Amino acid sequence: MDVMKYIYQHKSPLEHYKTDAFAVRCFDDRFRDAFFGFMDEQCPNAFDFESVAGGAKALASPEHETDREFMLRELEKSIKLHHTTRVMLFVHYDCGAYGGLARFDGDEQAQFAFLVAELHKAAGVITARFPDLTIELYSIDVDGIISVPRN
């Protein structure tokens, strides 16, 4: 039998946890620090998250229906395993999965309005499947995180 040789050592807790939220974000690393800083403030105990191209796009306007179903299954597992009651959906400025700012001919307000509509579509998809969840909507830009009100 081979001997395990650690290349990095870190003790990880094995206790099960109750999550403060399930978050969906884009994997764009430009907004990593803003996202994780915000999440550490909002969810001091624990949070489950998925990082996929476009973030909430996978729910609102998936390239393949299987993308949406995957995200809903992940949320369902978070609910079952970690007692999730809160979902935080994120989109961001100049997102390549949506065609970036160029898709809107440089019009930042048009881009923001479109992203807000996408967040609302994504929230509707989740609410249809999981009506008892609290859903929060956010957009990230170069200056930080914007809370988007639910309609």
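The values are calculated or read from the model by the stated rules, or taken from the named source; none is laboratory data. What you are looking at is a predicted structure, and each value in this text was computed from that prediction instead of being measured. Every residue, glycine as well, gets a Cβ built from its backbone with ideal geometry; the counts of neighbours run over all protein chains shown.
So here's what we get for this one:
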read-out	value
Residue check for residue 90: of a type in the set (A, V, I, L, M, F, W, C), closer than 19 Å to residue 121 by Cα, in contact with a helix residue (DSSP H, G or I) (Cβ under 9 Å, 6 or more places away or on another chain) and in a helix (DSSP H, G or I)	no
Residue within segment 92-115 that is closer than 27 Å to residue 133 by Cβ, of a type outside the set (S, T, N, Q), within 13 Å of the chain's Cα centre (by Cα) and surrounded by 13 or more Cβ atoms within 10 Å (Cβ to Cβ) present	yes
Any hit, segment 52-67, residues being of a type outside the set (A, V, I, L, M, F, W, C), outside any loop (DSSP other than H, G, I, E, B), more than 14 Å from residue 25 (Cβ to Cβ) and modelled with pLDDT under 95	yes
Segment 1-28: number of residues that are closer than 16 Å to residue 56 by Cα and either modelled with pLDDT under 95 or β-branched (Val, Ile, Thr) (or both)	1
Verdict on residue 102 being farther than 21 Å from residue 31 by Cβ, among the aliphatic types (A, V, I, L, M) and free of Cβ contacts under 8 Å to residues at least 12 places away in the same chain	no
Per-region count, segment 42-63, residues surrounded by fewer than 16 Cβ atoms within 10 Å (Cβ to Cβ) and under 23 Å from residue 79 (Cβ atoms)	4
Residue count for segment 27-42, restricted to those that are in a loop (DSSP other than H, G, I, E, B) and under 15 Å from residue 135 (Cβ atoms)	0
Hey, residue 128 assigned to a helix (DSSP H, G or I), closer than 20 Å to residue 69 by Cα and either in contact with a Lys or Arg (Cβ under 8 Å, 6 or more places away or on another chain) or aromatic (Phe, Trp, Tyr) (or both) or not	no
In segment 64-81, the residues that are loosely packed, with under 12 Cβ neighbours inside 10 Å and over 17 Å from residue 124 (Cα atoms)	64, 66, 80
Verdict on residue 66 being over 25 Å from residue 112 (Cβ atoms), of a type in the set (Val, Ile, Thr) and under 15 Å from the mean Cα position of the chain (by Cα)	no
